[in-house]
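Please read the structure below before turning to the comments.
Just so it is clear, none of the values below were taken in a lab; they were calculated from the coordinates. Here the structure is a predicted model, which means the values were calculated and not measured. Every residue, glycine as well, gets a Cβ built from its backbone with ideal geometry; the counts of neighbours run over all protein chains shown.
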Amino acid sequence: MQPTDSPSSSPHYPRVLSIAGSDSGGGAGIQADLKTFSALGCYGMTAITALTAQNTQGVQGIFAVSAEFLKQQIQSVAEDIGVDAVKIGMLHTPQIVEVVCWAIKHFGWQRVVLDPVMVATSGDRLINEETVQVLVKELFPLVSVITPNLDEAEVLLGRKIVGVEDLDASAAELLALGAPSALLKGGHLPGSTVVDVLATRLDRQDPKASEFLRGVSSTPAH
């Protein structure tokens, strides 16, 4: 998204809210989201779901934010600054997931990207099975697209993804879990070529859907 001119001729920067955990190492979570938002010319905001002590070696600790305080953070920015798009990361409890579901419905957010963070890069598991089930049942139908990596997709599907040849079928299975679109990120597969696969229910002939799909992925849609 690029800044647009308002009637007063002042540029309007797209307002993007990251609802995610804090990564003390700066490589993921709200820290990575804010860097990306800034690079794309957006105004970034945050609602923090958890504080983590982590680095390149692993996750040493997680301090959970209460559902009540997460709701307060979301209301604080949404009711004053406004939100044009949402990026969701780690949601570590069913109660946290429920707050995010409430916010999407209450504020009528239409552009919502869910990165279902479940496993840290180090391999540490970040959320339990109960939370995964609530995430799929309650949140998947409300977002625009889910963007799991291979580790997260394997948790969601309950099976291993064996290689590039398995990505199409896996993306279709992810789509069947309820989200309108699923972008399966294949970056963890061996080899020098990164293959991502997009599966969608959207009508590719619809102009709004076409614009959205171009923004979701620069790889050919499957």
So for R0 = 25 Å, FRET eff. of SER76-LEU40 from the Cβ-Cβ r, to 0.05, ends up at 0.60
Under 19 Å by backbone N from the virtual spin label 7 Å along Cα-to-Cβ at ALA32, the residues of the range 159-184 are 182-184
Output for the range 131-189: trypsin sites (Lys or Arg not before Pro) sitting in coil per DSSP, at most 12 other Cβ within 10 Å, listed by number, reads ARG159, LYS160
Rounded to one decimal in nm, the spacing of the 7 Å Cα→Cβ label points at GLU129 and GLN57 is 3.2 nm
Listed by chain and number, the lysines with an alpha carbon less than 23 angstrom from that of LYS87, same-chain partners under 8 positions apart left out, are LYS35, LYS71, LYS105, LYS137, LYS185, LYS208
